[in-house]
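Let me begin by handing over the structure; questions about it come next.
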Amino acid sequence: MHRGKGMKFVGDSRVTTHNRMPNKPKDYSEYPGKTEAFWPDFLLKEWMVGAVFLIGYLLLTVAHPSPLEGPADPTNASYIPLPDWYFLFMYQLLKYSFASGPYNVIGAVVIPGLAFGALALVPFLDTTPERRPSKRPLPTAFMLLAVASMIYLTWESVANHDWEAAKAQGVITDKHLGLLPEVEVDTESEGYLVYEANASCIGCHGGDLAGVSGPMLLGNELTADEVQDVIVNGRGGMPAGTFEGTEEELKTLAEFIANLKEEK
């Protein structure tokens with residue numbers, strides 16, 4: 001008998017046979033609104049669109065970098081901080097009398113809380129499966145009211161803000177860069193003591209006379225009479241009548257400031 005002759009192989013019916021199918025998404029054409037598979041068709045499109053916007057945003061940040069202002073100065077009480085444009089509506093809301101001062105909690109907590117609370121309750125107030133805005137009056141009304149309020153308050157903030165003053169108060173000056181005129185200041189002199197005793201003087205021009213909200217007094221080109229005239233009558237952003245002292249002290253202060261010339 002030859003090896004293998006008369007042997008038969010019987011297949012096991014318990015082992016199923018799988019035909020390898022190509023990796024293709026199901027055909028969703030029979031289901032309206034579901035014409036493509038989430039992976040990879042739909043998700044790949046989302047990633048491509050997101051990549052385009054991300055690259056565009058990065059190019060925009062390189063072409064137009066964020067503007068820089070001078071370093072923060074805690075002694076400058078005249079600086080008016082301004083939030084970014086997407087918070088201007090809240091900034092404007094806090095200007096109104098009913099939302100600021102003693103009522104600050106209303107503008108900062110109560111009104112925003114009611115607004116966000118109303119938006120959070122929308123899914124519970126309207127449970128209809130209808131998707132058309134005209135068939136969903138409550139969500140549509142809430143959203144239109146919120147958008148209209150934000151647009152109006154943002155416009156009011158932009159229209160009423162002094163942009164020229166805001167630009168000037170954040171300018172990087174020679175003081176910030178350490179480029180001060182070479183002027184020797186005698187802090188023991190009578191003129192400096194008069195200057196230091198007047199809060200309006202030292203508050204605007206700083207203890208080092210390099211300027212805070214007011215201009216720098218170091219290296220000025222004014223005479224004593226011109227300085228005295230500015231102190232009495234004011235000039236530019238400096239109001240008149242801020243000096244508190246006698247005529248003799250005024251003359252001493254004017255001579256002290258006029259002598260702050262740069263050494264050559």
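Readers should treat all values here as calculations from the given coordinates under stated rules, not as data from a laboratory. No experiment lies behind these values; they were computed from the predicted model shown. Positions of Cβ are backbone-derived with ideal geometry, glycine not excepted, and every protein chain shown enters the neighbour counts.
For the stretch 39-168, what is the convex hull volume of the alpha-carbon atoms per residue, in Å³? Please list the in-between numbers first.
Details: hull volume 26.5 nm³, N = 130.
So the per-residue Cα hull volume is 204 Å³.
I've got another one for you. Compute the distance from the alpha-carbon center of the stretch 191-256 to that of the stretch 105-125, in whole Å.
Between the Cα centres of the stretch 191-256 and the stretch 105-125 lies a distance of 51 Å.
If you don't mind, another one. So, by mean Cβ neighbours within 10 angstrom, what's the order for 232-245, 91-104 with the highest one leading?
Numbers: 232-245: 12.5, 91-104: 14.2.
Taking the mean over residues of other Cβ atoms within 10 Å, the ranking is 91-104, 232-245.
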